Amino acid sequence: MRRWIHSLMILYSILGLCQLQPLIQESEQLASQWVEIVQGEVKGSIVGKDGKPVIAQLRFFDSDGALIKRIQTDIDGNFEILLDEGHYNLEVSKGYEYEMKQLPIEVKKENPLNLKSISLTRLMDWTAKSYLCGDLHQHSQFSDDGLNTVEEVLIANLANGLDFGAMADHNTVDGNDEWLSLSQKLSYLAIPAQEITTNQGHYLALNTSNLIDVTALTSEDEIDQMIDETHHQGGMIQINHPGRNFSFWNVGGQFDAIEIWNGQAMPPIPNLNDIDEEFAYNQISKQKWFDLLSEGVKITALGNSDNHDISSESITAPISENEQFNEWIAQGLYNGNPRNYVKVEEESVEGILKGIKDGHVFITNGPLMDVTLNEATFGDRVVSTNEAEISYLIASNQGSLEALNVIADGQVIETIPLAEDVPTLGTINLNLSNYQWVVFEVISKSYEYAISNPIYLK
Ligand SMILES: [Zn+2]
């Protein structure tokens, strides 16, 4: 009997290797093609404490924590989506000043979910401290590589808690009229813009309505002409992601702003290990900006998403061999990541542009800061620095904060520990008389990061 079974097994394995196995594979493939994917409906609405609709963002994660879908409500705070049957974690959010609400849900075809009036609480109000937040580098379908309509990008801005923003399509201003007219009804401050995409780097012309028609730049004179034309139109001009493809550093200081943090690469956090240059160009941009500051150049640092897809489905991990990069990008790119918090004298486009010009800005993907040095704010100049008094308030809705670094002339000279998930308020005195400029940086135990513009000394 045993011998017989043994022979049969040998026969089976021979057959299996040469005949049965391909047949089994083929039938499995056919079966998987015919497995019906069953979907269920989830709909609902988001409201504030006052019961009024809130335009919000929803992310659906599977039980392993992988991001499955990112959607936004409509302008009345309603949403509706079909998802494969199963268990999900739903996260409802609206930028960094609201709570990030988590709800476990089960999607079943025969049992549509109606999540009526999910309330979302605003935890912090940086507008009360005269800050408005916005993303100045985003794309729509008017860019050949942009996926969304102008209206979809605008709703994604509101769903992420942005107060202002610019549409910066490649070498066109065609989307700007719609951008401006739609925003008027939604108390959103829209800024017309364009991304000048050239053979020698990309530039953001902000607050310009007419096309600046340059695609090739070969000399510093041509850079000057481009800057002049932007200024002539009443605009400002930023070097976009300079760590990627900018080579005119000797005239770099003539720009109004420099994008030291572009959303398509890792945040410029310190001690980023083993990241390919392709994903770490923000580190290069930040270092070049520090070099300019130390040369005495006054130029505002900005950070923007450069988003081309509000669903973040076109860029998903793993796209690199680097685990750290994959882990970061799996959270998805979104409008307003990172964003600029600009301190304004008046809540208008003019107020925002002036705030940027004056450097009253910090850049963040989560942490919020309110820091003064002898009562001066970012972008200001302070004369008496022997016993400088630094007052700080640091908060986050993501709960992984670690420390506030004081960076003077490019070096960390003081590290102040922060509570992870409650606001930290304090005051310290430092002797800054040997330094030219000081920048504040918030670091975390995750990828949360924020960096301020400098306070100039002497
Ligand atoms: Zn871009």
Discussion item. Are there any trypsin sites (Lys or Arg not before Pro) in region 71-178 that are in a DSSP loop and have at most 15 other Cβ atoms within 10 Å? List them by number.
Written reply: Lys108, Lys109
Response to the item:
Whole-Å distance linking the alpha carbon centroid of region 392-458 with that of region 206-254 is 32 Å
Item to complete: List the residues whose amide H sits under 5 Å from the amide H of His137, counting only those 5 or more places along or on another chain, with H placed 1.01 Å from N in the peptide plane.
Response: Ala166, Ser305, Asp306
Practice prompt. Determine the distance separating the Cα centre of region 34-99 from the Cα centre of region 272-338; give it in Å without decimals.
Written response: 26 Å
Response to the item:
Whole-Hz Karplus couplings 3J(HN,Hα) for region 219-228, θ = phi - 60° and coefficients 6.51, -1.76, 1.60, Gly and Pro as x, run 9, 5, 4, 5, 4, 4, 4, 5, 5, 4
Discussion item. Give me, ordered by chain and number, the residues 5 or more places off Gly379 or on other chains with an amide H under 5 Å from its own placed amide H.
Written reply: Ile455, Tyr456
Worksheet item: With each label point set 7 Å from Cα along the Cα-Cβ vector, what nm distance links Val412 and Glu80?
Response: 5.1 nm
Worksheet item: For Glu414, which sequence-distant residues (separation of 5 or more, or a different chain) have an amide H within less than 5 Å of its own amide H, given hydrogens modelled in the peptide plane?
Response: Val406
Item to complete: May I ask you to list the aspartates and glutamates whose Cα is less than 15 Å away from that of Lys354, ignoring any residue fewer than eight positions away on the same chain?
Response: Asp256, Glu345, Glu346, Asp380
Item to complete: Please work out whether region 261-322 counts as rounded, prolate or oblate from its C-alpha gyration tensor, where a ≥ b ≥ c are the square roots of the eigenvalues and a/c under 1.5 means rounded, while otherwise a/b larger than b/c means prolate and anything else oblate?
Response: oblate
Worksheet item: Just the Cα atoms of the chain, one point each, no solvent: what log10 I(q)/I(0) does Debye give at q = 0.07, 0.08, 0.12 Å⁻¹?
Response: -0.41, -0.51, -1.03
Fill in: Excluding exposed DSSP-loop GluC sites (Glu not before Pro) (at most 15 other C-beta within 10 Å), longest clean stretch of the chain
111-294
Practice prompt. Once you have a ≥ b ≥ c as the square roots of the Cα gyration tensor eigenvalues for region 126-365, tell me rounded if a/c is under 1.5, and otherwise prolate or oblate according to whether a/b is larger than b/c.
Written response: rounded
Discussion item. Taking the alpha-carbon distance from Lys286 and a cut-off under 20 Å, which lysines remain once sequence neighbours fewer than 8 residues away in the same chain are dropped?
Written reply: Lys298, Lys357
Worksheet item: What lysines could a cross-link reach from Lys101, if we take a straight Cα to Cα line under 21 Å and drop same-chain neighbours fewer than 8 places away?
Response: Lys43, Lys49, Lys52, Lys69, Lys116, Lys445
Worksheet item: Can you pull the semi-axes for region 367-458, root of five times each eigenvalue of the Cα gyration tensor, sorted largest first, whole Å?
Response: 23, 12, 11
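Every read-out reported here was derived from the displayed coordinates using simple, explicitly stated rules and does not represent laboratory data. Model, not experiment: these values are computed from the prediction. Cβ atoms come from the backbone with ideal geometry, glycine included; neighbour counts cover every protein chain shown.
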